[in-house]
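Report on the structure given below.
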Amino acid sequence: MIAHMDNPLAEVFGFPIENESKKAIYYRENRLCPFYNRYPNCTKHKTDNPLGVCSINHNGDAIITCPSRFREDWIILKHAADFILKDGTRWTALPEIKLNDGNGSSAGNIDYVIVCYDKDGNIIDFASLEVQGVYISGNLRNPFRKYIDSPTVNFKWMGRNYPHPDYLSSSRKRLMPQILYKGGIFKSWGKKQCVAIQKTFFETLPQLPKTTKDRADIAWFLYDLVFDEPTKMYRLQLTDTVYTEFNAALSSIMYTIPGNVNDFMNILQTKLDEKLTNTPDTHSVFEII
């Protein structure tokens, strides 16, 4: 793993900035995505001016910020299929499937539905697969623009609002709602769920009670980007799989460990004391008209 203390850009249009091969230059110049984006070109944020950063450097790791980055060689689909695959069945993946609740209202789109079917094309089983990248805090557009204007392996960036992963927003704004709404429907149907996520992101979640593969409702497939020095490329690798039950996982994620109530009371007391001390006529503050 490469350590970059003054460069937030790990991969740009699919290639590390250390990679100056003809292929890497071709992808950068044409703003192409090598990870099976819906369109040949990168479309992240803006179609005409994409933010072509697949992953950023943080604490010595390459952190995936674009969900398309997980599509390398489609290994995420194979791992999810193995979770529900039965002998003699075939499988495929159907992308962006709309899911409705019992009232006919949309519960969102499922990234992929893994479908197992027999030789006659009849569905035997299916499971959901959600793919979760990491949101970014800070400004990533500025260092990206500077690098694209003058690509170099010695790129440095020490600008303001240095970009870093926002794990808390990633889990609360996206991951938890997906598990709560879409996952709840799949749980009621008795169908399995899969989550493709980076290991560093998973480690920021509350500790989830584990179970066996046979008893699991959810399979968490944990990946990392591993740098290959000869090719100067990052490779997506499965590093671990965690199996959990739906209700236990949801409870652990939604309900954090409470702090000491006395510590919170001390904070309130300090704030109240400051307010009363700095207010000349405390009665007028609460006067009822």
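Worth a mention:
- Exceedance of the 18 Å cut-off in Cα-Cα distance is limited, within the set Lys182/Lys210; Lys191/Lys213; Lys156/Lys199, to Lys182/Lys210; Lys156/Lys199.
- The range 6-65: relative contact order as a whole-number percent, Cα under 8 Å and 6+ apart: 36 percent
- Ratio Rg/Rh [Cα only; Rh per Kirkwood] for the range 194-250: 1.10
- GNM on the chain, alpha-carbon springs under 10 angstrom: the most fluctuating residue among Met233, Met176, Met158 is Met158.
- If R0 is 30 Å, the Cβ-Cβ spacing of Asn247 and Asn59 corresponds to a FRET efficiency of close to 0.35.
- Spacing of the two label points (7 Å from each Cα toward its C-beta) at Asp125 and Lys156, in nm: 5.5 nm
- Helix content alone sets the calculated 222 nm mean residue ellipticity of the chain: runs of n ≥ 4 DSSP H residues at -39500 (n - 2.57) each, divided across all residues, give -7000 deg cm²/dmol.
- For the chain, diffusion coefficient by Stokes-Einstein and Kirkwood Rh (Cα), 4 °C, 1.567 mPa s, µm²/s: 60 µm²/s
- Helical segments meeting 30 Å axial Cα length and Kyte-Doolittle 1.0 threshold in the chain (DSSP H): none
- The alpha carbon radius of gyration of the range 1-133, expressed as a multiple of 2.2 N^0.38 Å, is 1.29.
- Percent RCO, i.e. relative contact order, over the range 9-254, from Cα pairs under 8 Å lying at least 6 residues apart: 16 percent
- Note on the chain: with a GNM built from Cα contacts shorter than 10 Å, the maximum mean-square fluctuation among Phe70, Phe201, Phe264 falls on Phe264.
- Label positions at Thr231 and Ile148, each projected 7 Å from the Cα along the C-beta direction, are separated by 2.6 nm.
- When the Gaussian network model of the chain links Cα atoms closer than 10 Å, the mean-square fluctuations of Gln269, Gln207, Gln132 top out at Gln269.
- Neighbour counting of Cβ atoms within 10 Å sorts the residues Arg90, Arg28, fewest neighbours leading, into Arg90, Arg28.
- Put the Cα centre of the range 9-85 next to the Cα centre of the range 104-119 and the gap is 24 Å.
- Close amide H pairs (under 5 Å, H built 1.01 Å from N) link Ile136 with Asp166, residues at least 5 positions away or on another chain.
- Net length available on complete extension from Lys271 to Lys46 is 76.5 nm, with 0.36 nm assigned per residue and the Cα-Cα distance removed.
- Ranked Glu245, Glu229, criterion: other C-beta atoms within 10 Å, fewest first: Glu229, Glu245
- Local net charge near Pro67, Cβ-Cβ under 13 Å (Lys/Arg +1, Asp/Glu -1): +1
Values in this text are rule-based calculations from the coordinates and carry no lab data. Source: prediction; values computed, not measured. Counting neighbours? That spans all protein chains shown, and the Cβs are built from the backbone with ideal geometry, glycine included.
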